[in-house]
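Structure first, then comments.
The values are calculated or read from the model by the stated rules, or taken from the named source; none is laboratory data. Keep in mind it's a predicted model, so treat the numbers as computed, not measured. All Cβ positions, glycine included, derive from the backbone under ideal geometry; neighbour counts span all protein chains shown. Keep in mind that these areas ignore ligands, DNA and RNA; they rest on the heavy atoms of the full protein, side chains included. Shrake-Rupley method; radii C 1.70, N 1.55, O 1.52, S 1.80 Å.
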Amino acid sequence: MLLTEIMEGLEEKLRGLSIARRCRPEEPTYLLDVALQPAGLLAVSCSNFTVHLHNKDSLDLVGEYRGHSGPLCGVVFSHSTPDLLYSGSADGTVRGWDVRRPGTEAVQVFKSDPSHSYCSLDLSCGDALLCAGTEQVNEEDSFLVFWDVRKPGGKLLGVYSESHSDDVTQVRFHPRDKDRLASGSTDGLVNVFDLSRGAEEEALLATCNSDSSAGSVCWSGPGYTQLLCLSHDEGLHLWDLGQLDTDEPLTVFSTSDARSLTPLTDGGGVDYLVGGRWLEEAQKLMVVGGKNNGDLHLMECGDGGLRLLRSLEGGHASTVRCFLWDPAAEALVTGGEDAQLLLWKPGGEDLTTGKREPMKSRSALRLKSRPHKKHGYQRDRKAAKTLNHTD
């Protein structure tokens, strides 16, 4: 099948999306992050410090985990052991949960220095390494913390301490290369590491500057050689890391404010960006943006900028905070500050009753976004700490 036919097929599926299921929790809470277990579950991190488990087809709530005492920074399923779910928190712990036993205590707890408060989390595609990024410590330090999940007690391997000077808002392992890691920070830098090289200075392959506080990072492009960065002030940067060893520029596309672009049919732009996702089957980078009224806009991102694929209206009532694309079900899942979890499918019919109404969260999570530090590295360098990588 030709690539153009695949792309046209995706656009046709997106055009047919409508609400198939709608779920509201009993307790109002922001839905912050969502992860997919292909076997049939969704994990959702909430602003009331809980993790919810939902059936991915019906959205029925099938379990809940309580154990964190601070804001959650992400959820991720193990790739080879899909019954294992990890969640990270500002309480200084990463916890592993057995999704076959909802409501039970964590089966694993990972910690580092007591001063560390985590604000990002990811698991390598080889399921060996957990990485968490910390908030800024002592007004100058921030860390990438690594554990070997295969070792009893979650062995702490070490930290990287030199590459960021402010909150590490995102860590993202490469989907295919277990040693490749990208990190983004409110210091405005996005770093790429080859962990097989061990020591931090040798492992750092590239540093890209987003010129603003980096909010999210996403691997994209054929072979996942590109990196998308969305900033807290709605900037968008797409870099081609395949050009690292050439004289060609890394930047594929860049804008300091995606809201200034006008891909919408009414001539206006989005109010904010939710995130990006590389759609492998269609070979497209999809960026999701939203309006403050809850409307969503699915856009294609490439060297020509943003192009509107589909607008989704009538679903959410306020800011959307997370989404994922389920390629097997050809479905989109979205969650937001209205406490709603929505499933969008081609030809879907909302089988739940009731109008779209905002639910005022009593546990609203305050977003931290400190100003970009232009001189974050004008400080004394600390002694480098080595990551003893054995994967």
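Within the stretch 44-63, list the residues whose amide N lies under 14 Å from a label point set 7 Å along Cα→Cβ of E27.
45-53, 63
Quantify how much of the Cα-Cα distance distribution of the stretch 70-206 extends past 24 Å, in percent.
Result: 23 percent of Cα pairs exceed 24 Å.
What does the helix-only formula give at 222 nm for the chain: each DSSP H stretch with n ≥ 4 adding -39500 (n - 2.57), the total divided by the residues, and the result rounded to the nearest 500 deg cm²/dmol?
Roughly -1000 deg cm²/dmol at 222 nm, from the helical runs in the chain.
Quick one: Cα centre-to-centre distance for the stretch 320-335 and the stretch 177-202, in angstrom?
28
Given the peptides 37-43, 208-214, 247-253, arrange them by the average over their residues of other C-beta atoms within 10 Å, most packed first.
Values: 37-43: 17.7, 208-214: 21.6, 247-253: 13.1.
Going from most to least packed, we get 208-214, 37-43, 247-253.
If you project the alpha carbons of the stretch 48-103 onto the principal axes, what extent comes out on each, in Å, largest first?
32, 26, 17
Before I look further, what does the chain give for accessible area per residue, probe 1.4 Å, in whole square angstrom? Write out the running numbers ahead of the final one.
Numbers: 16660 Å² over 391 residues.
Accessible area per residue: 43 Å².
Just to check, using Stokes-Einstein with a Kirkwood Rh over alpha carbon pairs, what's the diffusion coefficient of the stretch 10-125 at 10 °C and 1.306 mPa s in µm²/s?
106
Output the Kirkwood hydrodynamic radius of the stretch 289-330, Cα pairs only, in Å rounded to one decimal.
With all distinct Cα pairs of the stretch 289-330 included, I get 11.5 Å.
If you take the beta carbon distance between T246 and E281 as r and set R0 to 35 Å, what does 1/(1 + (r/R0)^6) give as a FRET efficiency, to the nearest 0.05? It would help to have the intermediate numbers written out before the result.
Values: r = 29 Å, r/R0 = 0.82.
Once rounded, the FRET efficiency stands at 0.75.
Scan around C119 for amide H atoms under 5 Å from its own, H built in the peptide plane at 1.01 Å from N, and keep only partners 5 or more places away or cross-chain.
Counting only residues 5 or more places away or on other chains, the set is G133, T134, E135.
With θ taken as phi - 60° and the coefficients 6.51, -1.76 and 1.60, list the Karplus ³J(HN,Hα) couplings across the stretch 131-142 in order, rounded to whole Hz; mark glycine and proline as x.
Coupling constants for the stretch 131-142: 10, 10, x, 9, 6, 5, 10, 6, 6, 8, 10, 8 Hz.
When the convex hull of the C-alpha atoms of the chain is computed, what volume per residue in Å³ does it have?
Spread over its residues, the Cα hull of the chain gives 141 Å³ apiece.
Explain nothing, just the number: relative contact order of the chain, from Cα pairs under 8 Å at least 6 residues apart, as a whole percent.
17
For the stretch 202-304, just the Cα set please: Rg and Dmax, both in angstrom.
Over the stretch 202-304's Cα set, Rg and Dmax evaluate to 14.0, 49 Å.
Ignoring ligands, DNA and RNA, what percent of the 1.4 Å accessible area of the chain is carbon and sulfur?
46
Give the dimensionless ratio obtained when the Cα radius of gyration of the stretch 169-220 is divided by 2.2 N^0.38 Å.
Relative to the 2.2 N^0.38 Å estimate, the stretch 169-220 comes out at 1.09.
Any idea how far the Cα center of the stretch 237-253 sits from the one of the stretch 14-83, in Å?
35
Take the Cα of V137, step 7 Å along the line toward its Cβ, and report every residue of the stretch 79-102 whose backbone nitrogen sits under 12 Å from that point.
Under cut-off, by backbone N: 92.
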